[in-house]
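Trainee: So that we are looking at the same thing, I have put the structure below in structure tokens.
The values are calculated or read from the model by the stated rules, or taken from the named source; none is laboratory data. Keep in mind that this is a model prediction, so the values were computed, not measured. Positions of Cβ are generated from backbone atoms using ideal geometry, with glycine treated the same way; all protein chains shown enter the neighbour counts.
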């Protein structure tokens, strides 16, 4: 019996197996590790794994294809000659605020298996539970360096017209700090120094004119630029503003809070309403408990060193415990490998 194959359906920058390359510039903070671990786990089961273009170039029809979020084009059309020969799977990564097409249940019929963090869909037969996954450090230090910087945010500058979006709340927090306590807050990320054109394609094409987007961009005095890696920057701060892309969506817990944990930085979290079901409350500061930014700032500024260290100890205890395992790259890889290999 020959080797079986799984194709990872990816966009341009990740093709030619760049998705599995630890040296790729796309692998910021080791964010691509789940796919490398998946490749290893499948290999242990006698499977091969590449991005779809590799199989297309060799004329090979893989046994299975895994999509990351539901594509805008019908799956059958994308698969072409593979349709009817390859089983199709999808990981529903983003919520409806970001990718509404993910949650059109009619589109789910295109797939033989669906991996999702949405527990209301999970049945263990066609829908399988899978969180956003993270590469956990091999060792977690119990030593915490002294920090003289209070608060940081690392996020892209985005907007979305949706009642559950939190992009605007990120910007509200940024502006409040800039006006009231500019010395206690720094902003990093992509897009804060540029204007983003939206609308028809010919209008969005103006985004390619970088001098124009910078000229029209809003001014954020707290902006310190983009980062090549989040971890070394976050390590310098006591707290991070950690808002998901959307709020009040149970189970929607992305890598953001874990980025903060791994950097020894206490997150100010806002997003999943059931966050405490998955992560102990003493590991983060719940933004919903504060009526305004003034209350939040006073809480952060006046937190004693003993209380702060207790939170860091709680974070360390959690990320080294079995409770954190469902958010790991290993869990991601084993879940997908088990389903695909046993189909």
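Trainee: Output the residues belonging to the range 1-19 that are assigned to a helix (DSSP H, G or I) and surrounded by fewer than 20 Cβ atoms within 10 Å (Cβ to Cβ).
Mentor: 12, 13, 18
Trainee: Within the range 325-337, how many residues turn out to be in a helix (DSSP H, G or I) and touching a strand residue (DSSP E or B) at 6+ places or on another chain (Cβ under 9 Å)?
Mentor: The qualifying residues number 7.
Trainee: Answer with yes or no whether residue 26 is in the same structural domain as residue 75 (by TED's automatic domain parsing) and surrounded by fewer than 19 Cβ atoms within 10 Å (Cβ to Cβ).
Mentor: Yes: the conditions hold for residue 26.
Trainee: Something else: It is to be established whether one or more residues within the range 229-242 are under 18 Å from residue 116 (Cα atoms) and not in a loop (DSSP other than H, G, I, E, B).
Mentor: no
Trainee: While we're looking at this one, here's another question. In the range 210-243, how many are surrounded by 14 or more Cβ atoms within 10 Å (Cβ to Cβ) and either over 30 Å from residue 144 (Cα atoms) or in contact with a strand residue (DSSP E or B) (Cβ under 7 Å, 6 or more places away or on another chain) (or both)?
Mentor: Here the count works out to 19.
Trainee: If a residue has to be touching a helix residue (DSSP H, G or I) at 6+ places or on another chain (Cβ under 8 Å), at pLDDT below 75 and part of a helix (DSSP H, G or I) to count, how many in the range 175-206 make the cut?
Mentor: 1
Trainee: Could you figure out which of (1) loosely packed, with under 14 Cβ neighbours inside 10 Å; (2) in contact with a strand residue (DSSP E or B) (Cβ under 6 Å, 6 or more places away or on another chain) isn't true of residue 260?
Mentor: (1)
Trainee: Residue by residue through the range 140-167, note down the ones that are modelled with pLDDT of 95 or more and loosely packed, with under 12 Cβ neighbours inside 10 Å.
Mentor: Across the range 140-167, the qualifying residue is only 163.
Trainee: When you check residue 137 against the structure, is it surrounded by fewer than 15 Cβ atoms within 10 Å (Cβ to Cβ) and either in contact with a helix residue (DSSP H, G or I) (Cβ under 8 Å, 6 or more places away or on another chain) or touching a residue at least 60 places away in the same chain (Cβ under 8 Å) (or both), yes or no?
Mentor: yes
Trainee: In addition: Exactly one condition in (1) in a helix (DSSP H, G or I); (2) at pLDDT 95 or above is not met by residue 211; state its number.
Mentor: Residue 211 satisfies all of (1) in a helix (DSSP H, G or I); (2) at pLDDT 95 or above except (2).
Trainee: Among the residues of the range 257-293, write down those that are without any contact (Cβ under 8 Å) to a residue 24 or more places away in the chain and closer than 17 Å to residue 173 by Cβ.
Mentor: 286, 288, 289, 290, 291, 292
Trainee: From the list 24, 43, exactly one residue is free of Cβ contacts under 8 Å to residues at least 40 places away in the same chain and in contact with a helix residue (DSSP H, G or I) (Cβ under 7 Å, 6 or more places away or on another chain). Which is it?
Mentor: One residue alone meets the criteria, 24.
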